[in-house]
Each structure stands twice: as C-alpha cells, then as structure tokens.
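Asks: What follows is a single structure, and I will ask about it in a moment.
The values are calculated or read from the model by the stated rules, or taken from the named source; none is laboratory data. All values derive from a computational prediction rather than experimental measurement. As a convention, Cβ positions derive from the backbone with ideal geometry for all residues, glycine included, and neighbour counts pool all protein chains shown. Just so you know, the surface numbers come from the protein's heavy atoms only, side chains and all, with ligands and any DNA or RNA stripped out. Shrake-Rupley method; radii C 1.70, N 1.55, O 1.52, S 1.80 Å.
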Amino acid sequence: MFYTELVGQMTMDTTPLANEPAPRGTGSSSRRVYSWVLGALLGAVVAAILLGALLWFSTGFGLFHLINSLRDGRTQINVDQPTVVRQIQQLQRLETVGYTMDKIISGEHANAYLPKFLAGDRLLLVVHGEVVAGINLSGLGPGDVLIQGQKVSIHLPAAEVFNTRIDNRRTRVYSRDTGLFSSPDPNLESEVREEAERQLQQAALEDGILKIAANNARSTISSMLKALGFREVDTR
C-alpha cells in the first residue's frame, strides 16, 4: 500500500507539461528503488530463518546431550555435606516400626495373715498395647556424613524404643476376685497397667524390634539420598 501511493504521487508530479520534454530516467530509477527494497526484505527474511535454524539446532543439540547424560548416569551431584546433614536432621525422631500385642496380665494384693478368699484382691486385665521404635536423627553431626563424588556414607545413631503405650479403648478388665472381708484396691489396676507396659516392651525387644527399626531406617534414608542424586549410599 505504501509503495503504490508513492509511485502514484511520483507519476502525478512528473507528468510533462505541454511543450516541455518528458524527463528521462524516471522509470528506471523507480525500478531500482523497488529492487533495493525487495532485496532488503528478502535478505532480512533469509537471515531470520538462518538465525532461527541455528538456535533450534543449538538448543536441540543441548537438550539431546542433556537427555543422553541423564540416561548414561553422568548427572553432576550439587548436594553438599551441610545440605545432606540438614535434610537428615529434619527427620528428627524417625519412627520406623510399630509393635502391637494383645496380652493378659494379672495382678493381686494378698493379706499376710488371711487367705485370699477372705482378704485377697486379684485382677486379670486384657491389654492391647503398642511399642514404637526408630532412630533419633536430630543429633546427627557433620562428622557423621562423608561425601565422595556420587557416594555418601552416613553413620546412623543406634535404634531405640520411643514409647510404649496401652490402648485404653481396647484394654478391659477380664475378671476381678475380691475376698469376703476386703474391698477392691483402687491402685491395683494402675499397677497392672504399668506391669503390662513393661512386659510389652520386653516382648518387643525379645522379638528384635530394634534390629527391624535400624534396617527400616537405613532403607528410608537410602531412598531419600538416592532421590537427591547419589548413586551409592552407605549407612552403618
């Protein structure tokens, strides 16, 4: 549109008057201007196409190289020791195993002078309890973590029992026998519950709860560190 208006204006201005000779070279000059503009536009388009192709090739090659690097396992690890220590410390009390058990616990108070049917108090308690164990990682220090390239070694603390609790909703008095001349002792049930917790924890320890807790902790931490990019994790 712009070019057409320009040519029209030039035609009107250069029309020869009567008795005046027409100027020479006007048509050839317009054709030279048109050719120059068209050549400049074509050159710009070609340059843009070449630049785009170059950028596409460079980007595509870089992406291809990155994908191959990931496939070949040559990804660089940029996780330093303080970061690894901080990530593990955030787990704090890592609960890795829960041990549940149903058990019947008995307890009784007897009289030193009278037989049980006269002055005794005996209680049977059906107990449902749980023992939770794991490792406490809040005290992990820089000296417990060693990074060598894509390998990381962790010195984990020993597994421990975190808590032993009785589930009151699933614990009930099975039976209670009180002598003819005695009344139920209000402290007997509390004492039986304490004994139940002790026996639950002892049973869990005998069944190897600490070993299971340590193994589960090592597995959890190894998975976390491999997700950060480490190829080899040594937990001990």
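Asks: Taking 0.36 nm per residue of sequence separation and subtracting the Cα-Cα distance, how much length would be gained by fully extending the chain between ASP144 and GLU160, in nm to one decimal? Walk me through the intermediate numbers first.
Replies: Details: separation 16, 0.36 × 16 = 5.76 nm, distance 1.83 nm.
So the extension gain works out to 3.9 nm.
Asks: In addition: What is the distance in Å between the Cα centroid of the stretch 178-201 and that of the stretch 91-158?
Replies: 21
Asks: Please list HIS128, HIS109, HIS155 in order of solvent-accessible area, largest first, computed with a 1.4 Å probe with all protein chains present. Present the calculation step by step, with values, prior to reporting the outcome.
Replies: Numbers: HIS128 20, HIS109 55, HIS155 95 Å².
Result of the area sort, largest leading: HIS155, HIS109, HIS128.
Asks: How much accessible surface does GLU160 have with a 1.4 Å probe, in Å² rounded to 10?
Replies: Rounded to the nearest 10, that gives 80 Å².
Asks: Excluding residues fewer than 8 places away in the same chain, name every one of the lysines whose C-alpha is closer than 18 Å to that of LYS226.
Replies: Reachable lysines: LYS151.
Asks: Okay, next question. Calculate the FRET efficiency for ASP234 and GLU206 from the Cβ-Cβ distance with a Förster distance of 35 Å, rounded to the nearest 0.05. If you can, show how the numbers build up before the last one.
Replies: Numbers: r = 30 Å, r/R0 = 0.85.
FRET efficiency, ASP234 to GLU206: 0.70.
Asks: Probe of 1.4 angstrom, ligands and nucleic acids ignored: what's the accessible area per residue over the stretch 101-230, in square angstrom? Working shown, then result.
Replies: Numbers: 7350 Å² over 130 residues.
Value returned for the stretch 101-230: 57 Å² of accessible area per residue.
Asks: Using unit Cβ charges (K, R positive; D, E negative) and no other charged atoms, how large, in debye to the nearest 20, is the dipole of the stretch 94-236 about its Cα centre? Can you show the working numbers first?
Replies: On the way: 16 positive and 19 negative charges, 106 e Å.
That gives a dipole near 500 debye.
Asks: While we're on this one: Determine the share of the stretch 102-236's accessible area contributed by carbon and sulfur atoms, expressed in whole percent, with a 1.4 angstrom probe. Don't skip to the end; give the middle numbers.
Replies: Working: 3710 of 7810 Å².
About 47 percent, which is the carbon plus sulfur part of the accessible surface.
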